[in-house]
Amino acid sequence: MVKLMRVDDRRIHGQVAIAWSKALEFKVLMVANDESAASKTQTMALKMAGPPSSKTTVQSIEQAIKTINDPRTANTVIGVIVTNLKDALAIAQGATDQVKRINFGNYGRLNGGDVSQKKKLSDNVYVDEEDLKVIEEMKKTGIPIDVQLLPYMAMVTLDDVLK
C-alpha cells in the first residue's frame, strides 16, 4: 500500500529521507522515474540517499505500477517519489486502489520553464497550464491530493490552493 506518493523535483533529500520516512514509517521508499531507473549512477546515488530505516528502490513507472499492484506488497508501507505530474497521474491511474494520498512537496521550480510564467500554489509548488490539465485528470482518480512540505506542517488540500 502506498501511504504517500510525493511529487518532488528533488527526489530523495532530507525532507523525504528523514521527516516523511520517519513520520509515515515507510518500509520501502520507491523513486518512480524512468530516467533514474535507466541510469546506474542515479540509481546508486538515490539508494545511498535513502533512509536507513527503509529499503530504497528505483523503478521505472511501468515497473512501479506492477510492484504497487503486486499482492505481496499489499501490507507493506510504501512511499513513492515522482518528479513530475504525468508520472504521478500514470501511477494514480494504474494503481488507484493502492495509493492512499498524493502530496505535492517541491514542484515546478527545478523542472524547467520560467517560474514567473507559472501559477504559484505554495512557496514550493508552481504549475503551468499543462500541469493544471494533468491535475484535473489526477483529481478524477478520487485519491486525496494535498500540498504539505513537511509532515508537521499544516496540510492544505489541492482544491484549496487552486482557488
- From V77, V99, V82, which residue is more than 23 Å from D131 (Cα to Cα) and modelled with pLDDT of 95 or more? V77
- Any residue in segment 104-121 that is free of Cβ contacts under 8 Å to residues at least 40 places away in the same chain and assigned to a strand (DSSP E or B)? yes
- Message: Looking only at segment 21-42, filter to residues that are hydroxyl-bearing (S, T, Y) and in a helix (DSSP H, G or I); which one of those is surrounded by the most Cβ atoms within 10 Å (Cβ to Cβ)?
- Response: S21
- Query: Is one or more of the residues making up segment 89-101 loosely packed, with under 14 Cβ neighbours inside 10 Å and aliphatic (A, V, I, L, M)?
  - Reply: no
- Task: Return a yes/no flag: does segment 67-81 have any residue that is under 19 Å from V156 (Cβ atoms) and hydrophobic (A, V, I, L, M, F, W, C).
- Result: no
- Task: Return only the number of the condition from (1) surrounded by fewer than 19 Cβ atoms within 10 Å (Cβ to Cβ); (2) modelled with pLDDT under 95; (3) touching a Leu at 6+ places or on another chain (Cβ under 9 Å) that K55 does not satisfy.
- Result: (2)
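At negative phi, part of a strand (DSSP E or B) and of a type in the set (D, E, K, R): which single residue out of D146, D131 fits that description?
Testing whether each residue is at negative phi, part of a strand (DSSP E or B) and of a type in the set (D, E, K, R) leaves just D146.
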- Restricting attention to segment 69-100, which residues are assigned to a loop (DSSP other than H, G, I, E, B) and closer than 15 Å to E137 by Cα? N84, A95, T96
- Which of the residues belonging to segment 1-40 are in contact with a Leu (Cβ under 7 Å, 6 or more places away or on another chain) and of a type in the set (K, R)? K3, R10, R11
- Message: Regarding segment 123-135, can at least one residue be identified that is of a type in the set (F, W, Y), in contact with an Asp or Glu (Cβ under 8 Å, 6 or more places away or on another chain) and touching a residue at least 12 places away in the same chain (Cβ under 8 Å)?
- Response: no
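If only one of L150, L158, L85 is under 16 Å from the mean Cα position of the chain (by Cα) and surrounded by fewer than 16 Cβ atoms within 10 Å (Cβ to Cβ), which one is it? So that I can check it myself, show each step before the final result.
Details: L158 fails: surrounded by fewer than 16 Cβ atoms within 10 Å (Cβ to Cβ); L85 fails: surrounded by fewer than 16 Cβ atoms within 10 Å (Cβ to Cβ).
Exactly one residue qualifies, and that residue is L150.
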- Message: I'd like to know if segment 79-86 contains one or more residues that are touching an Asp or Glu at 6+ places or on another chain (Cβ under 6 Å), closer than 19 Å to P144 by Cβ and not charged (D, E, K, R).
- Response: yes
- Could you list all residues from segment 149-163 that are out of contact with any Asp or Glu (no Cβ under 9 Å at 6 or more places or on another chain), touching a residue at least 24 places away in the same chain (Cβ under 8 Å) and outside any helix (DSSP H, G or I)? L150, P151, Y152
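The values are calculated or read from the model by the stated rules, or taken from the named source; none is laboratory data. Computed from a prediction, not measured in an experiment: that's the story for all the values here. All Cβ positions, glycine included, derive from the backbone under ideal geometry; neighbour counts span all protein chains shown.
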